[in-house]
Structure formats: structure tokens, C-alpha cells
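Contents: one structure, followed by commentary.
What follows is calculated from the coordinates using simple rules that are stated; it is not laboratory data. Model, not experiment: these values are computed from the prediction. Counting neighbours? That spans all protein chains shown, and the Cβs are built from the backbone with ideal geometry, glycine included.
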Amino acid sequence: MVSKNLVKYIKSLELKKYRSRERAFVAEGPKVVDDLLTAFSAKIIVTTEEWLAKGRDVGDAQVYVTSGDELRKVSFLQHPQQVTAVFEIPNRKNILSAEVAETELVLALDNIQDPGNLGTIIRIADWFGIDNIVCNTGTADAFSPKVVQATMGSLARVHIYETNLYEWLSDLSQQVTVYGTLLDGKNIYEEPLDSKGVIIMGNEGNGISMEVREKVNHKLFIPNYSAKESTAESLNVAIATAITCAEFRRRMAYQ
């Protein structure tokens, strides 16, 4: 039986202020929860017998076995999927070491607002082997229910850091290449690309902010190949991220 207090607690985690206070976030569905169990500590699991019968290691989590109707009370999804879990937000330091960008590719997000875009970008980073994402403080919260679901479990494998992006970039060595996707950039398919450095992706409507743009030392542009006079004004930021990451990784395969 799921109590009213438990329902209230889980539902409160939809809001960032309660996630921050409780150091907790919600994930749902077998795929997402199974992946997150490998990287985060579960506090509470509300599930059906079907999910629990498969022998998952839930650690010290409080487990509530219930029916589908009860599960619907704690779910943020239109169609609940066997399990809803509350995980601890790790006490990860907020700032990624600047030295990391000297040895590997890092994604930096300048105020990405849409939870779906952020979740998809985290999933893209996971696919292309990018382990760290630095988010400007105006970026959507990576632990919101919508973002967590959109990652499809990739949040277990990609580390998210929230900080003042301009200040973080200012601490980088001058030898670090900072790539930015900009309309006045050069054709990404013709420019030299490295296996390390920072790739900045900008806000959905405004692109990379003027302040952060000052730190870009290698401007890139994804060309439009349409022969039509009138075409799409721009690419969705998640799609642009996928194209950019794919080109970096493709290039590395031939170096």
C-alpha cells in the first residue's frame, strides 16, 4: 500500500527546490531504473511484482510492491511502466577539473532550456563516448523527471556538472581548443578537429551567449545542403549536437 505521504514526497521531487533539499530525483520504467541502479543509490522503489521478480539488486532501498493502479499515483508518466524509483543525487563536486579538457572531449551547454533536448544530448554524449558535460547555471536541471526519462538511462554513464560556464572556460589552458557552433563559423566538414577540447552548444533560441562566445577559439558551422531558396532557419540543438559529435568521432577514426 502506497501512503499519501509517500505519494506527496515523490510528487514533490518534480520541483528543483525539493530535489535540491532532499538530494533526490525520480526515474521510471525498467530500462531507465535498471541502468541507474548501476550508478546511483536507490532510496525508494515502488514497483509491481513483475519487475521485482527478475531479481534486481536494489541495495538498501525501501521497496513497496503494489498494483498498477497504485503505481499510477506516484508516476509522472501517462502510462506507468512497472517501476518508479527515487535515487540519491550524488555529492559530486560542481566543477569539472579544467585539465580534463586537455585529454578528452567535453561537451559544454550554454543555457539549454528544453528538458527533452537536454536529455537527448546526454544520451548522444553517451553514444559517442563523451563522459562529461558542463552545464551553464541557466541550463535545465539534469535531474528533473523529464530530463531523466529522456536520457533513457544514459545519466548513469555521463557525468553532469553545473557551474558558471564563462568562469570555467576562463580557467582552461590556452592550449585547449574551445569549439563553438556559430553561424559565422567554418564548415565543420573541412575544419581540423581534435580528439580533445570543449564543444559548446548554445541555447535553443539565442545560440551561444556573447559572454561565452568570447572563449570560443575555433568556430564551426554545419552547412545547409538544400538547393531551395527557402529552407529551415536552423537545426534543433540536440540534432546539431549529434551531427557535431558524429563528425568529431568519424574524424578520429581516420587519424
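Were the residues from N91 through K4 laid out at 0.36 nm apart, the gain over their Cα-Cα distance would be 28.4 nm. Karplus-based coupling profile of segment 13-18, in residue order and whole Hz: 6, 5, 9, 4, 4, 7, with θ = phi - 60° in 6.51 cos²θ - 1.76 cosθ + 1.60 and x standing for Gly or Pro.
For K146, the lysines whose Cα comes closer than 27 Å to its Cα, not counting residues fewer than 8 places off in the same chain, are K4, K8, K11, K16, K17, K31, K43, K54, K73, K93. Report summary: the helix-based calculation at 222 nm, which adds -39500 (n - 2.57) for every DSSP H run with n ≥ 4 and divides by the residues of the chain, gives -8500 deg cm²/dmol. I want the local charge near V7. Using Cβ-Cβ distances under 13 Å, sum +1 for each Lys or Arg and -1 for each Asp or Glu among the other residues. So the surrounding residues net to +2. For mean projected area of the Cα convex hull in nm², pick the label among (1) 15.7; (2) 12.8; (3) 13.8 that corresponds to the value derived from the coordinates. Computed from these coordinates, mean projected area of the Cα convex hull in nm² corresponds to label (1).
The mean sequence separation of alpha-carbon pairs under 8 Å and at least six residues apart, normalised by the residue count of segment 74-174, gives a relative contact order of 32 percent. Distance from the C-alpha centroid of segment 186-227 to that of segment 32-99: 37 Å, rounded to the whole angstrom. Round to the nearest 0.05 the FRET efficiency obtained for Q175 and F128 when R0 = 22 Å and r is the Cβ-Cβ distance. E between Q175 and F128, to the nearest 0.05, is 0.40.
Approximating the spin labels as points 7 Å out from Cα along Cα→Cβ, the E190-to-K54 distance works out to 5.0 nm.
When you count the other C-beta atoms within 10 angstrom of each residue and take the mean per peptide, 5-14, 125-134, 51-60, 75-84 line up highest first as 125-134, 75-84, 5-14, 51-60.
Computed from the C-beta positions of E211 and Q78, the FRET efficiency with R₀ = 35 Å rounds to 0.35. Listed values for segment 217-224 are Karplus-derived 3J(HN,Hα) couplings in whole Hz (6.51 cos²θ - 1.76 cosθ + 1.60, θ = phi - 60°), namely 10, 8, 7, 10, 9, 8, x, 9, and x replaces Gly and Pro.
If R0 is taken as 22 Å, the Cβ-Cβ distance between K17 and Q62 corresponds to a FRET efficiency of 0.45. All other residues whose Cβ lies under 10 angstrom from that of F76 are scored, Lys and Arg at +1 and Asp and Glu at -1, for a net of 0.
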